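Here the structure is laid out as structure tokens; the discussion comes afterwards.
The values are calculated or read from the model by the stated rules, or taken from the named source; none is laboratory data. What you see is a predicted model; the values in this text were computed from it and never measured. All Cβ positions, glycine included, derive from the backbone under ideal geometry; neighbour counts span all protein chains shown. SASA here: full protein model, heavy atoms, side chains in, ligands and nucleic acids out. Shrake-Rupley method; radii C 1.70, N 1.55, O 1.52, S 1.80 Å.
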Amino acid sequence: MMKRSICVICGLLLFATAVFGQEQQFANLGDFKLQNGGVIRNCRIGYRTFGTLNRDKSNVIVFLTWAGGTTEQLKSNFGPGRLIDTTSYYVVAIDALSNGVSASPSNSRLQPRMRFPEFSLRDTIASQHELLTRVLNIHRVKAVAGISMGGMQTFQWLVSYPDFMEKAIPIVGSPRLAPYDLMLWQAQINALMRDRDWKGGNYSVNPARALDFAFGELLLTTPTDYNRRKTREQVFNDLAKAQNDAHRFDANDKIRQTQAMMKLDVSRDFGGSLERAARAVKAKVFVVVAKNDHVVTPGPAIEFAHLLGAKLLDLDSDCGHLATSCESRRFNEAVSDFLK
């Protein structure tokens with residue numbers, strides 16, 4: 001009877017870990033030094049966990065957020081029959097710097113708004129490495145993965161901490177942004193900072209709301225897909241709603257995160273050579289790109305995949321950057337097979 005009671009209690013504890021681990025958690029890293037010599041004061045990193053950690057900690061998958069995204073928005077990707085099966089894997093989803101959850105211009109008491117220092121995606125993953133090793137006592141993982149900016153972070157993980165993961169899955173990301181990508185991100189920064197509501201970052205409502213929304217609508221998919229889903233009337237209704245939405249992703253947060261993406265270049269510590277950077281990678285890699293992507297040009301990721309001798313999945317729907325959603329069955333199955 002006693003053994004049965006203990007088994008029941010253990011089962012309840014495992015259930016509690018799986019369910020309540022999905023709640024938002026935070027780790028305070030203190031004053032976090034950046035590569036450029038700056039410091040994020042009282043640097044706090046948000047994260048969530050899903051599934052159950054096995055005894056030897058060999059089933060950990062680190063999953064990273066996209067631009068402006070949060071771990072709350074990632075939750076639908078984790079669970080039985082989903083992108084990451086949490087009956088097999090223990091997912092640690094981490095909020096990137098400047099996403100409004102982890103340390104950001106919008107939530108920093110000591111460095112608010114544009115007083116928040118510029119940082120790089122290299123700094124972002126260094127903060128994640130500290131969270132995993134110092135706070136969670138995890139020193140090697142099954143895989144690191146992420147979508148869009150999460151894919152960019154995954155590429156940086158590969159060269160910065162090559163011994164940390166067995167596998168890596170950068171999804172519609174880039175090891176360094178192409179010229180087209182730099183142009184579109186700089187245009188978005190300019191739109192925010194030149195808006196009359198900007199006020200040097202000391203705005204009372206987010207600037208350029210409708211224009212910022214329009215950038216996303218135009219870039220995330222393709223004309224074919226957009227015209228199929230939207231009517232002429234919907235376009236103007238959507239723009240009006242966006243203009244009146246004062247709670248869009250904070251502009252200062254977006255600017256600092258965008259600047260970090262624009263600095264990304266995994267070859268930086270290798271004399272500018274992607275070939276040398278590829279030789280430093282030790283993990284098995286599965287690169288996912290979208291052929292018609294207008295947000296992250298697939299060329300640099302494809303080039304790096306070839307240099308790595310990595311498995312490559314090229315999604316060819318007309319959904320552009322959103323191809324992983326439009327081709328979810330094919331995409332999910334490919335990721336599941338690679339993780340086995």
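A few comments on the model shown:
- ASP163 vs. criteria among the acidic types (Asp, Glu), open to solvent by 10 Å² or more (accessible area, probe 1.4 Å) and free of Cβ contacts under 8 Å to residues at least 40 places away in the same chain: no
- Being within 28 Å of ASP265 (Cα to Cα), among the charged types (D, E, K, R), open to solvent by 20 Å² or more (accessible area, probe 1.4 Å) and at pLDDT 95 or above is a property that holds for ARG44.
- Some residue of the range 118-125 being over 19 Å from GLN35 (Cβ atoms), out of contact with any Ser or Thr (no Cβ under 6 Å at 6 or more places or on another chain) and not β-branched (Val, Ile, Thr): no
- Criterion: in contact (Cβ under 8 Å) with a residue 24 or more places away in the chain, open to solvent by 40 Å² or more (accessible area, probe 1.4 Å) and under 27 Å from ALA96 (Cβ atoms) - qualifying residue of LYS254, LYS241, LYS263: LYS263
Residue-by-condition table, conditions (1) modelled with pLDDT of 95 or more; (2) open to solvent by 10 Å² or more (accessible area, probe 1.4 Å); (3) within 21 Å of the chain's Cα centre (by Cα); (4) not basic (Lys, Arg):
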residue	(1), (2), (3), (4)
LEU177	yes, yes, yes, yes
LEU182	yes, yes, yes, yes
GLN188	yes, yes, yes, yes
ARG194	yes, yes, no, no
SER204	no, yes, no, yes
ALA210	no, yes, no, yes
PHE215	no, yes, yes, yes
LEU218	no, yes, yes, yes
PRO223	yes, yes, no, yes
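- Unmet requirement for LEU312, which otherwise passes all of (1) in a strand (DSSP E or B); (2) touching a His at 6+ places or on another chain (Cβ under 9 Å); (3) within 28 Å of GLN188 (Cα to Cα): (3)
- Criterion (modelled with pLDDT of 95 or more, over 20 Å from the mean Cα position of the chain (by Cα) and assigned to a helix (DSSP H, G or I)) met by exactly one of ARG276, ARG256: ARG276
- Looking across GLY151, GLY79, GLY100, one residue alone is farther than 30 Å from ASP212 by Cα and touching a Phe, Trp or Tyr at 6+ places or on another chain (Cβ under 9 Å). It is GLY79.
- LEU158, sole failed condition from (1) open to solvent by 10 Å² or more (accessible area, probe 1.4 Å); (2) more than 12 Å from the chain's Cα centre (by Cα); (3) touching a residue at least 24 places away in the same chain (Cβ under 8 Å): (1)
- The residue of the range 26-41 that is most open to solvent (accessible area, probe 1.4 Å), among those that are among the hydrophobic types (A, V, I, L, M, F, W, C) and over 15 Å from ILE94 (Cα atoms), is VAL39.
- Number of the exception - PRO80 against (1) in contact with a Lys or Arg (Cβ under 8 Å, 6 or more places away or on another chain); (2) exposed (fewer than 15 other Cβ atoms within 10 Å of the Cβ); (3) of a type outside the set (Phe, Trp, Tyr): (1)
- Wholly enclosed helices (runs of 4 or more DSSP H) of the range 60-167 bearing at least 1 residues touching a His at 6+ places or on another chain (Cβ under 9 Å) and not aliphatic (A, V, I, L, M): 149-160
- Candidate set: the range 96-115, residues that are over 19 Å from GLY69 (Cα atoms) and in contact (Cβ under 8 Å) with a residue 60 or more places away in the chain; chosen: the one least open to solvent (accessible area, probe 1.4 Å): GLN111
- Of all residues making up the range 61-76, the number that are touching a Phe, Trp or Tyr at 6+ places or on another chain (Cβ under 6 Å) and farther than 18 Å from ALA143 by Cβ: 1
- Selection within the range 266-300 - over 16 Å from PRO162 (Cα atoms), without any contact (Cβ under 8 Å) to a residue 24 or more places away in the chain and open to solvent by 60 Å² or more (accessible area, probe 1.4 Å): GLY271
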